[in-house]
Amino acid sequence: MTLRPNDSLLPHNTFGIDVRCRLFAQYDSPEELHQLLTDPNSSPLRGRSGGGLLHIGSGSNLLFLTDYDGLILHSGISDIQRLPSSEPDQVLLRVGAAVVWDDLVLYTLRHGWYGLENLSLIPGEVGASAVQNIGAYGREAKDFIVEVECMNLQTAERRTFTSDECRYSYRQSIFKTPDHRGRWAVLYVTYRLSTRFQPHLDYGGIRSELERRNIPIDSLTAQQLREVIIDIRRSKLPDPKEQGNAGSFFMNPIVPRQQYEALAAQYPTMPHYDAGPDQVKIPAGWLIEQCGWKGRTLGPAAVHSRQALVLVNLGGAKGSDIVALSDAIRADVRSRFHIDIHPEVNFI
Ligand code: EPU
């Protein structure tokens, strides 16, 4: 277990916001977390920390608005176990919440266990994959999650949520609803993978990129697909080590089909994806670009020049600078398209 009073949160948020917390604690096992939450003598949480309690992953989806006057908890549980499975093609993996997501993707592909390749290079840790239902290139974490083992941060009780109980949808889960938000620490996530590689190529520019590289689909390997996905991501998304950012800042809005059709008549080139029988998802990046924000700056914050869905810290930005930019963009999108776009990043 690691405890650090008055700790800098700079290494714990990819936006690069320079704030501090009252206490930072990392536990390395469910038992250590249990002890932290229940033993008033050894627990630094009760008397000393005051303020709030926030469980974080790698901070790739957070925007700190001020110093955090409370305890920041982080998991160090990073073991991976293969569980027995009755299906011959199926692989069940129980993975500690602190495993870095892309390390897991690489680990599974090296073992010949397939499914996660389209989710290559997404920043963050395994715990967040289950809270946020991370997704990219037509796949989402929910497609692979069997169950999520958690600990209640108030009572220290353990509970396992089946995938159905997690109520997954686009970037949503039970862990983000008002009744459950901030109540659970994810300990382990169990994923179902396959020993058979079945490529999913229908999203975005994957097929055209394969053609450009002369890779025939019938000989495509999972490793090649991973490399293509990584290259597409790198060509659009800034590296947080070079420029602070939290990936997509906004969620793509889902609008009633009628509203989409009215807009499509006016903007025939507007990209869109079906999101159910009566709903259509519209890329927020396109809406923001149409409003002229792509590449524009506001103080020390900016809209990334290659992907308008990403806001960046040009250096020394405070949380409020990013919020000012976000508010200006949202107002313009609302006034031009009558669509409300909502941050996917959590404001703390
Ligand atoms: N587009 C523009 N201008 C832009 C950005 C996008 O016109 O500045 C258009 C593109 O031309 C394309 C469409 O919008 O037609 C979709 O763009 P893209 O494929 O880049 O994906 P996205 O919808 O903007 C989502 C995820 C990303 C994920 C990609 C690929 C959300 C909020 N974001 O972005 O996730 O990598 O799809 O699957 O759903 C993240 O969550 O941090 C993230 C990067």
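Where q = 0.08, 0.09, 0.15 Å⁻¹, what log10 of I(q)/I(0) comes from the Debye formula for the chain, counting one point per Cα? Per q value, in the given order, log10 I(q)/I(0) is -0.42, -0.53, -1.41. A straight Cα-to-Cα reach below 23 Å connects K318 with the lysines K241, K294, residues fewer than 8 places away in its own chain not being considered. Counting only aspartates and glutamates at least 8 places from K281 when in the same chain, those with an alpha carbon closer than 18 Å to its own are E140, D202, E261, E289, D340, E344.
Binning the C-alpha pair distances of the range 147-289 at 10 Å intervals from 0 yields a P(r) profile of 9, 23, 31, 30, 7, 1 %, listed from the shortest bin outward.
Our coupling estimate for the range 258-275, obtained by passing each phi through the Karplus curve with A = 6.51, B = -1.76, C = 1.60 and θ = phi - 60°, is 4, 5, 4, 5, 5, 5, 5, 5, 7, 10, x, 8, 4, x, 6, 9, 5, 10 Hz, Gly and Pro reported as x.
Normalised by 2.2 N^0.38 Å, where N is the number of residues, the alpha-carbon radius of gyration of the range 203-269 equals 1.56.
Note the full-extension length gain between Y273 and H111 as 0.36 nm times their separation in residues minus their Cα-Cα distance, in nm to one decimal.
Answer, rounded to one decimal: 55.0 nm.
Treating each Cα of the range 244-347 as an identical point scatterer and ignoring solvent, apply the Debye formula and state log10 I(q)/I(0) at q = 0.11 Å⁻¹. Log10 of I(q)/I(0), two decimals: -0.33. Build a GNM of the chain with springs between Cα atoms under 10 Å apart, and of L71, L121, L201 the one that fluctuates most is L201.
Segment T38..T297, full-extension length gain: 88.5 nm, with 0.36 nm per residue of separation and the alpha-carbon distance subtracted. Among R234, R226, the order of accessible area from largest down is R234, R226, computed with a 1.4 Å probe on protein heavy atoms. Per-residue ellipticity at 222 nm computed for the chain from its helices equals -7000 deg cm²/dmol, with DSSP H segments shorter than 4 residues left out and the rest contributing -39,500 (n - 2.57).
Spacing of the modelled spin labels on F347 and S320, each 7 Å from Cα toward Cβ, amounts to 1.3 nm. Positive-end ranking of L119, L83, W184 along the dipole of the range 80-194, with charges on Cβ about the Cα centre, is headed by W184. Each label point was placed 7 Å from the Cα along the Cα-to-Cβ direction; for R181 and I80 their separation is 3.3 nm.
Seen from every direction in turn and averaged, the convex hull around the alpha carbons of the range 80-194 projects onto 7.0 nm². Straight-line reach from K142: taking Cα to Cα under 18 Å and skipping same-chain neighbours fewer than 8 places apart, the lysines in range are K176. Each part gets one Cα centre, and for the range 66-88 versus the range 285-348 those centres are 31 Å apart. Here the contact order of the chain, divided by its residue count and restricted to Cα pairs under 8 Å and six or more residues apart, works out to 16 percent.
Could you give the dipole magnitude of the range 127-197 about its Cα centre, charging the beta-carbon of Lys and Arg +1 and that of Asp and Glu -1, in debye to the nearest 20?
That gives the range 127-197 a dipole magnitude of about 180 debye.
Could you tell me the distance between the Cα centroids of the range 229-278 and the range 144-206, to the nearest Å? Centre-to-centre (Cα) distance: 23 Å.
The values are calculated or read from the model by the stated rules, or taken from the named source; none is laboratory data. Here the structure is a predicted model, which is why all the values come from computation and not from measurement. Quick reminder, even Gly has a Cβ in these numbers, built from the backbone with ideal geometry, and neighbours come from all protein chains shown. For accessibility, only protein heavy atoms count, side chains too; no ligands or nucleic acids. Shrake-Rupley method; radii C 1.70, N 1.55, O 1.52, S 1.80 Å.
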